[in-house]
Amino acid sequence: MVVTTMLTYIFPPPPSLFVTAMTVISFTSLASLGLSELRGKHLHYSKFWNSGSKTSAAKKIKLSSRTGMLIAYSPAFLAGIASFVLYPQENIRILLLCSALTIHFFKRIFEVLFVHNYSGGMILDSVLAISLSYFLSTATVTYAQYLAQGFPEPSVDLKYLGCLLFLIGISGNFYHHYLLSKIRSKGDKDYKIPKGGLFGLVICPHYLFEIVGFVGISLISQTLYAFSFTIGSALYLIGRSCATRRWYLSKFDHFPKNVKALIPFVL
C-alpha cells in the first residue's frame, strides 16, 4: 500500500547500487550535519568560520570566503553543464531538471562574485566537504533522472509545480542575500541584525527559500534520490538556522525574541 502510494508521486527506484547508496548516504550525512549544528559543532563558514578551539583552528588552512565559496559551488555548476552533454534530453523533465540545477549554481557563483559582502573566511576542510556534497548530489540526481527515463511517468505530474516553487525559492533566496549584502558598508567587518523582507519574522529567510527551491527541484525530478537529498538538506538548514539564531541572541542583547530561526511563527 505504501509503495503503491509512493509510486503515484515518484519514479520507481532504478536498479543502481550507486544511486541507492547515495540516497542513504546523502540523507544520513546531511541529517547528521544538522544535528551537529544544533550541538554546536559547525561547518566553518559564514559567522561560524572560526568556531571551536582556537588552537585547532590555527592549525587548519584558511581561505578567503570568496575563494572558498567559488571552490564549493564551481564543481556542481560544471556537473550541471556536463549533464546536458552526458544525458540525452529525451523529455522535458530531464531538461527542466538539468536547467534548474545549472541555474541554481550559476546564481550562487554570481552572488559570490558580485553580491555577497564577506567579513570572515573559510576553513579548507569545510570547503572541500561542501564542494564534494554539492558535486555528488548534482551528479547523482541527474544520473538518477537519466535512469528513470525508462520507467513510466508517475501518475501525478508535479514537474510544473516544481518549476514554480524553484523560481519562488531562487528569487526569495537571492533577494534576502541582497539584503544581507547591504547591511554593512564596504570594509565593515561587524555583524548587524538584518532587516527587510522576512528578516522581521525569521533570522534565516534565505535558508527558508533555499529549502523551497530544493523542494521545487525534487518535484521536477520526482525521484527518490531527489527527495532524500532535499529532506536531508532541510534538516541541515534547520540545524544551521537554529544555531544562527542562538548566535544572534548571544551577540545582541536587543535581538527581538519573537524572530524565529527559519519558519515564521513556528521554528
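Looking across the stretch 165-179 at every residue that is in contact with a helix residue (DSSP H, G or I) (Cβ under 7 Å, 6 or more places away or on another chain) and open to solvent by 30 Å² or more (accessible area, probe 1.4 Å), the one that is nearest to Tyr9 (Cα to Cα) is identified as Leu165.
Looking only at residues that are in contact with a Leu (Cβ under 8 Å, 6 or more places away or on another chain) and not small (Gly, Ala, Ser) in the stretch 16-33, which one is farthest from Tyr143 (Cα to Cα)?
Of the residues in the stretch 16-33, the ones in contact with a Leu (Cβ under 8 Å, 6 or more places away or on another chain) are 16, 19, 22-23, 26, 30-31, 33.
Then drop every residue that is not not small (Gly, Ala, Ser), which leaves 19, 22-23, 30, 33.
Values: Val19: 8, Met22: 11, Thr23: 12, Leu30: 20, Leu33: 25 Å.
Once the filter is applied, the top-ranked residue is Leu33.
Condition test on Gly196, is it surrounded by fewer than 17 Cβ atoms within 10 Å (Cβ to Cβ) and not in a strand (DSSP E or B)? Yes, satisfied.
Filter the stretch 147-160 down to the residues that are at pLDDT 95 or above and in a helix (DSSP H, G or I), then identify the one that is surrounded by the fewest Cβ atoms within 10 Å (Cβ to Cβ). Out of the qualifying residues, it is Tyr160.
For the stretch 243-267: of the residues being in a helix (DSSP H, G or I) and within 19 Å of the chain's Cα centre (by Cα), which is farthest from Val202 (Cα to Cα)?
Out of the qualifying residues, it is Ala243.
Quick check on this structure: which one of Thr20, Thr5 is without any contact (Cβ under 8 Å) to a residue 60 or more places away in the chain, β-branched (Val, Ile, Thr) and closer than 16 Å to Gln145 by Cα? Write out each step before concluding.
Numbers: Thr5 fails: closer than 16 Å to Gln145 by Cα.
The match here is Thr20.
Applying the condition of being among the aliphatic types (A, V, I, L, M) and open to solvent by 70 Å² or more (accessible area, probe 1.4 Å) to the stretch 61-120 and asking which residue is modelled with the lowest pLDDT yields Ile61.
Would you mind finding the one in Tyr207, Tyr191, Tyr248 that is touching a Ser or Thr at 6+ places or on another chain (Cβ under 6 Å) and of a type outside the set (D, E, K, R)? If you could, list the steps in order and put the result at the bottom.
On the way: Tyr191 fails: touching a Ser or Thr at 6+ places or on another chain (Cβ under 6 Å); Tyr248 fails: touching a Ser or Thr at 6+ places or on another chain (Cβ under 6 Å).
When all the criteria are applied, what remains is Tyr207.
Screening Pro205 on (1) crowded, with 22+ Cβ neighbours inside 10 Å; (2) out of contact with any His (no Cβ under 9 Å at 6 or more places or on another chain) shows it passes everything except condition (2). Of the helices (runs of 4 or more DSSP H) lying entirely inside the stretch 54-116, those containing at least 2 residues that are charged (D, E, K, R) span 92-114.
The values are calculated or read from the model by the stated rules, or taken from the named source; none is laboratory data. All of these numbers come straight from a predicted model, not from anything done at the bench. So basically every Cβ, Gly included, is an ideal-geometry build from the backbone, and we count neighbours across all protein chains shown. Calculation scope for accessible area: heavy atoms of the full protein, side chains included, ligands and nucleic acids excluded. Shrake-Rupley method; radii C 1.70, N 1.55, O 1.52, S 1.80 Å.
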